[in-house]
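Below is one structure; the comments refer to it alone.
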Amino acid sequence: MEHDSITPLMQDRIRQTLTQIEKTQRIKILYACESGSRGWGFASRDSDYDVRFIYVHQLDWYLTLDRKRDVIERPIDDELDVAGWELSKALKLMRNSNPALIEWLHSPIVYQKDALFMQQCEQLASKFYSPLKARYHYLSIAKRNWREDFKEETIRLKKYFYILRAVLALRWIEHSKMMPPMAFSQLVQATVTDHAVLAEIEQLLVMKQHADESRYGPHRSAIDRLITETIEKSEKLNLPEPYYRDSHLLDDFLQKTILANDIKWR
């Protein structure tokens, strides 16, 4: 999926980096996306490119007694921050309804993907999704960051948006019980009707897009009120806990995916 916020030159550089990782690590990347502020839709002019991917090894990697490293990380190089999870690690996180993984799967910026793999992966993620765990995740983000900064006269814009996005995700979960979309614009459109809040969000977006990552700004009264009220309400929100826990579907998906991609390498 192409995206206007990322130049064709940078997209080519990212894809070349992923291809190089595949060759040097002897892996197959099944999915790669943008996960940070660019994926959320509120990047600053100097924001990194946070590239995340899911991969499989060849079959012989799985047929040994010793546990092996299931993460690939590249040091931040200029603007690129690249990291990936091996498929079995990703599926363990999916079994626990890990919101970070689910966000990856719904990123609006995709650099490469195996279409069949993604279709099956999204179906499984939906089956294992827990609104209670998602609520806890976003509430923790909002409370932790808000506690640190709400008394200060100014707040770092990057952190302000982290808090605001978490709060809007909480509002989404309250109304739909579904996993919130990754794109900030979708959250705003679906959860904010107050014109004062909308105006302040628009002002902040313009400011952040033309600022660097370290920029601070004043608090906005309507946004602050929305944050405080949503956190208080979410702490009392009752959500269904039961969700699918049977690992057999994930085991079967893991085995079939490894075998299918091992054949492709031969």
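A few remarks follow.
- Selection from the stretch 26-67 of residues that are surrounded by 14 or more Cβ atoms within 10 Å (Cβ to Cβ) and more than 26 Å from Ser185 (Cα to Cα): Ile27, Lys28, Ile29, Leu30, Tyr55, Val56, His57, Gln58, Leu59, Trp61, Tyr62
- When the stretch 142-178 is limited to residues that are out of contact with any Leu (no Cβ under 9 Å at 6 or more places or on another chain) and crowded, with 18+ Cβ neighbours inside 10 Å, the one that is nearest to Ala100 (Cα to Cα) turns out to be Tyr162.
- Filter pass, Leu63 being touching an Asp or Glu at 6+ places or on another chain (Cβ under 7 Å) and more than 20 Å from Gln119 (Cβ to Cβ): no
- The condition (being of a type in the set (Lys, Arg) and either at pLDDT 90 or above or over 18 Å from Ile231 (Cβ atoms) (or both)) is satisfied by just one residue among Lys143, Lys151: Lys143.
- In the stretch 62-75, of all residues being more than 16 Å from Leu18 (Cβ to Cβ) and not in a helix (DSSP H, G or I), the one that is modelled with the highest pLDDT corresponds to Asp70.
- Cβ-Cβ distances below 8 Å connect the following pairs, each with a first residue in the stretch 245-266 that is under 21 Å from Lys113 (Cβ atoms) and acidic (Asp, Glu), a second residue that is at pLDDT 90 or above and part of a helix (DSSP H, G or I), and a separation of six or more residues or different chains: Asp262/Leu59.
- Meets criteria (without any contact (Cβ under 8 Å) to a residue 24 or more places away in the chain and among the charged types (D, E, K, R)) for Lys133: no
- Asp78, sole failed condition from (1) modelled with pLDDT of 95 or more; (2) more than 17 Å from the chain's Cα centre (by Cα); (3) surrounded by fewer than 17 Cβ atoms within 10 Å (Cβ to Cβ): (1)
- Filter result for the condition that a residue is under 25 Å from Asp251 (Cβ atoms), surrounded by 21 or more Cβ atoms within 10 Å (Cβ to Cβ) and of a type in the set (S, T, N, Q), over Ser97, Ser88: Ser97
- Test for Ile258: is it at pLDDT 95 or above, under 21 Å from Ser44 (Cβ atoms) and outside any loop (DSSP other than H, G, I, E, B): no
- Restricting Met207, Met182 to residues that are in contact with a His (Cβ under 6 Å, 6 or more places away or on another chain) and surrounded by 14 or more Cβ atoms within 10 Å (Cβ to Cβ) narrows the list to Met182.
- Taken together, Leu30, Leu9 contain a single residue that is part of a helix (DSSP H, G or I), over 23 Å from Leu164 (Cα atoms) and either in contact with a Lys or Arg (Cβ under 7 Å, 6 or more places away or on another chain) or of a type in the set (A, V, I, L, M, F, W, C) (or both), which is Leu9.
- The residues in the stretch 37-55 that are outside any helix (DSSP H, G or I), within 25 Å of Gln119 (Cβ to Cβ) and either without any contact (Cβ under 8 Å) to a residue 12 or more places away in the chain or under 14 Å from the mean Cα position of the chain (by Cα) (or both) can be counted, and the count is 6.
The values are calculated or read from the model by the stated rules, or taken from the named source; none is laboratory data. Everything numeric here is computed off the predicted structure, so don't read it as measured data. Reconstructed Cβ throughout: ideal geometry from the backbone, glycine too, with neighbour counts over all protein chains shown.
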